[in-house]
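First the structure, in the form of structure tokens, and then the observations on it.
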Amino acid sequence: MTISKYLSIAAIVFALTIPRSEAKETGDASSNHNNKGVELAQQHQYEEAVKEFNLAIQANPKNAKAYVNRGSIFRAMHAQAQDQQYDDAIKDFTKAIEIAPKDPSGYLERGQTLVMQKQYTDALTDLSKAMELKPDNMMAVRLRGFAEIGLQDWDKAAADFTTVIQKDPNDAQAYERRGFVYRSQKKYNEAIADYDKSLEIKPDPDVYTKRGYTYVTYLQNYEKGIADYEQTLKINPSDYDTQQRLQYAQAALAAKNAPPSAATPTPTPEPGLFTPLNIGIALVVLLVLIGIIFVVAKRRGGGEEEPTESGRIR
């Protein structure tokens, strides 16, 4: 699962879990509207939730939590639409920080939104501030790990996801992300171990695919890679990319197991015309011909003498 895909889901999940006990302590109109907005968000009634948060802000322009909650809904709506337009969410989180600079919520949510926009350096600033204000905030640690992955700061990302795992040993997603980091560091066995643990906690087709890709591409263990790709397709038969990867792995395995082809003997070249033997024979034949020509010529030129003339008068 890519960073943007995971965080898009996280944005929506957060929008459905944003109620905070502090928001319900007071009984004023602003808090009541804020609480109603949270209930509507949990029911996926985002437009109505935004209206309630608007009323909460109108009743109390200093209600930082209403800004954070409305910003979270804006982000969730944009994540669903996949339009990457988060300016209104950023504006609300920034306002919340202005109102309550000691509250980590605004920094955390703006940091997450910046990661979704691939503004990793700015995101790290916000997430570090959120952790400064609340050191045990594992969401901030996790999001910082995502930002560090985006910056390819592998060692720091591995350390952050390790911290998340130490806090919650059953966090399947943290194992998957650390596995990705290890794979990027060419620590393939460590990556496989993390993928194993992630799948043990929560079977996920994306993780089967990642583990299969690691087996096939980096370890040339085609049998295990094929098994993982097949498991992915059992869960999601329409996954075209995994179908292609499976075909590649099967072809690679077939090529690996194919018997070696018999060596084709090199044909013996035909002897050329101008070999030493042929040249010798030709010289002998030439000498013989010269001899014959010489003898014939001698016979024709110096043969029998002409008969002496007779004494008969002609």
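Every number here is computed from the coordinates shown, using simple stated rules; none is lab data. Values in this document were obtained by computation on a predicted structure and should not be read as measured data. Using ideal geometry, Cβ is built from the backbone for each residue, glycine included, and neighbour counts are taken over all protein chains shown.
Could you rank the peptides 194-205, 103-114, 174-185, 230-241 by their average count of other C-beta atoms within 10 Å per residue, with the highest value first?
On the way: 194-205: 18.4, 103-114: 25.6, 174-185: 23.5, 230-241: 13.7.
Peptide ranking by packing, descending: 103-114, 174-185, 194-205, 230-241.
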Could you give the distance between the Cα centres of segment 199-245 and segment 62-134, to the whole Å?
35 Å
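Tell me, Kirkwood radius of segment 89-202 from alpha-carbon pair distances, in Å?
On the way: mean 1/r = 0.0695 Å⁻¹.
Here the Kirkwood hydrodynamic radius works out to 14.4 Å.
Which pairs in the list Lys186/Lys256; Lys197/Lys224; Lys118/Lys156; Lys210/Lys234 are over 19 Å apart, alpha-carbon to alpha-carbon? Show your work: numbers first, answer last.
Details: Lys186/Lys256 23 Å; Lys197/Lys224 16 Å; Lys118/Lys156 17 Å; Lys210/Lys234 15 Å.
From Lys186/Lys256; Lys197/Lys224; Lys118/Lys156; Lys210/Lys234, over 19 Å: Lys186/Lys256.
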Value of relative contact order over segment 146-196, rounded to a whole percent, pairs C-alpha under 8 Å and six or more apart
29 percent
Can you tell me, using C-alpha contacts under 8 Å and at least 6 residues apart, the relative contact order of segment 114-260 as a whole percent?
13 percent
